[in-house]
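Written out below as C-alpha cells is the structure these notes cover.
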Amino acid sequence: MSDYDKRCQADARLAILAELAQQSDATLNSRNLAVMIEAIVPRRPHEWVEAQLVWLDQVDAINIKRSELAGLGPVTIATLTRTGRNHVERRAFIPGVSTPADEE
C-alpha cells in the first residue's frame, strides 16, 4: 500500500470519528458517513468506507452493527466509543488514525 493510500485511510478514519463525536447520539449510518468521506477522500467505493468502519471497530474506536433501513437496504450503524472520543479530544491516540489538528 502506498503512503498516499495510508494517509487517505488515516484521514478518513479521523473524519469518521470526528463526525460521530459531533452527533448528539454519537451514531451515524454508513451511507451518511460515505457522503461525508467523499468530500475528503473522493472516488472511494462504499466498500472502502465499510472497510474503514470495520477497522475502527477492531481497534475499539467505534461499535458497529448491521441493519436494514427502509428505502436504503443494508447499512452499517457506527457508534463512537470512549476510545474513539479520547482520540478526537486528543486524550489518547490510535495508531493508523490521523491526529486531530490543533485548534486555531
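Bear in mind that the values in this text are calculations on the coordinates, not laboratory data. Keep in mind the model is a prediction, meaning the values are calculated, not measured. When we count neighbours, we look across all protein chains shown, and the Cβ atoms used for this are built from the backbone with ideal geometry, even at glycine.
Per-structure values
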item: Average projected area [Cα convex hull, the chain], square nanometres; result: 7.1 nm²
item: Charge dipole magnitude, Cβ of K and R +1, D and E -1 - the range 42-104, Cα centre, debye nearest 20; result: 140 debye
item: Whole-angstrom gap from the range 25-63 to the range 65-104, using each part's C-alpha centre; result: 8 Å
